[in-house]
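Notes follow once the structure below has been shown.
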């Protein structure tokens, strides 16, 4: 996500923040947050809030410390007033709601990062958005490789054959460097997947080539290890050529931080979030 967009979105979220009087506890109104997260219907957003309250309760955290239902009066036709339901939400509550959204949506990915980092500095938000994008890319690659494994098993190729096909694909993508060569270049341990240390761009490249292979295996009903290997090598070569046209050589890109280490860091951060958010006072009902 472009830094200018991050700055713009951060300002929008900052404008919507409130503080409990005589405290440092920040909160957002759900009706305001709904628009910022890209929801169009209150009914759908209310369901997301309910799921988040359940998640909060499951974690052993007092829901009322972070979610407080309130009633607002709004002006309708001819100046009449009518009550509507709203919620006061702490930063932790907002984070849980964002976690219940689709991270593929730009608003959700931003919100997850905005509420997760205590100081909400632009560079920290950008760093966490990059993590979300990388984990999403890694998840898509796992799914496409799982599908490829199923496809080739149905066409007479065993697990060992799948490993050989995937290795040949890596060799084509990385300009002749095998999976093992790349692990050595990037300092990856033998028992760890190479993709856990690849940058988002390379993960996406591997996924694109694998999806192309899946498509053609299914459409052309390719059979046997040789024909599927040829297909996978061609697709990885095509993706490599496309990157090369933009001056990118996948084998020369530096490694990214171990994705498992990042996941542990994020989980640790989330455990602190509820405490850092503070609590809504009990006399606000």
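Within the range 244-285, track down each residue that is farther than 30 Å from residue 87 by Cβ and more than 24 Å from the chain's Cα centre (by Cα). Give the steps one after another, and end with the answer.
Keep residues of the range 244-285 that are farther than 30 Å from residue 87 by Cβ, which gives 244-262, 264.
Answer for the range 244-285, where residues must be farther than 30 Å from residue 87 by Cβ and more than 24 Å from the chain's Cα centre (by Cα): 244, 245, 246, 247, 248, 249, 251, 252.
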| Looking at (1) in contact (Cβ under 8 Å) with a residue 40 or more places away in the chain; (2) under 25 Å from the mean Cα position of the chain (by Cα); (3) exposed (fewer than 14 other Cβ atoms within 10 Å of the Cβ), which is the only condition residue 4 fails? | (1)
| field | Of all residues in the range 143-165 being under 19 Å from residue 178 (Cα atoms) and touching a residue at least 12 places away in the same chain (Cβ under 8 Å), the one that is surrounded by the fewest Cβ atoms within 10 Å (Cβ to Cβ) | value | 164
| request: Would you check which residues across the range 74-103 are without any contact (Cβ under 8 Å) to a residue 60 or more places away in the chain and in contact with a helix residue (DSSP H, G or I) (Cβ under 7 Å, 6 or more places away or on another chain) and list them? | output: 86, 87, 96, 99, 100, 102, 103
| Exactly one of (1) under 21 Å from residue 122 (Cα atoms); (2) at pLDDT 90 or above; (3) in contact with a helix residue (DSSP H, G or I) (Cβ under 7 Å, 6 or more places away or on another chain) is unmet by residue 45. Its number? | (1)
| query | Which helices (runs of 4 or more DSSP H) does the range 98-213 wholly contain that include 3 or more residues that are within 23 Å of the chain's Cα centre (by Cα) and modelled with pLDDT under 95? | reply | 106-116, 122-153
| Output for the range 19-41, where each listed residue is touching a residue at least 40 places away in the same chain (Cβ under 8 Å) and surrounded by 13 or more Cβ atoms within 10 Å (Cβ to Cβ) | 20, 25, 26, 27, 28, 29, 30, 31, 33, 36, 37, 38
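Among the candidates 280, 262, single out the residue that is assigned to a helix (DSSP H, G or I), surrounded by 12 or more Cβ atoms within 10 Å (Cβ to Cβ) and touching a residue at least 40 places away in the same chain (Cβ under 8 Å).
Answer to the check: 262.
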| message | Any residue at all in the range 221-229 that's at pLDDT 95 or above, surrounded by fewer than 18 Cβ atoms within 10 Å (Cβ to Cβ) and over 18 Å from residue 155 (Cβ atoms)? | response | no
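The values are calculated or read from the model by the stated rules, or taken from the named source; none is laboratory data. Source: prediction; values computed, not measured. Note: ideal-geometry Cβ built from the backbone for every residue, glycine included; neighbour counts use all protein chains shown.
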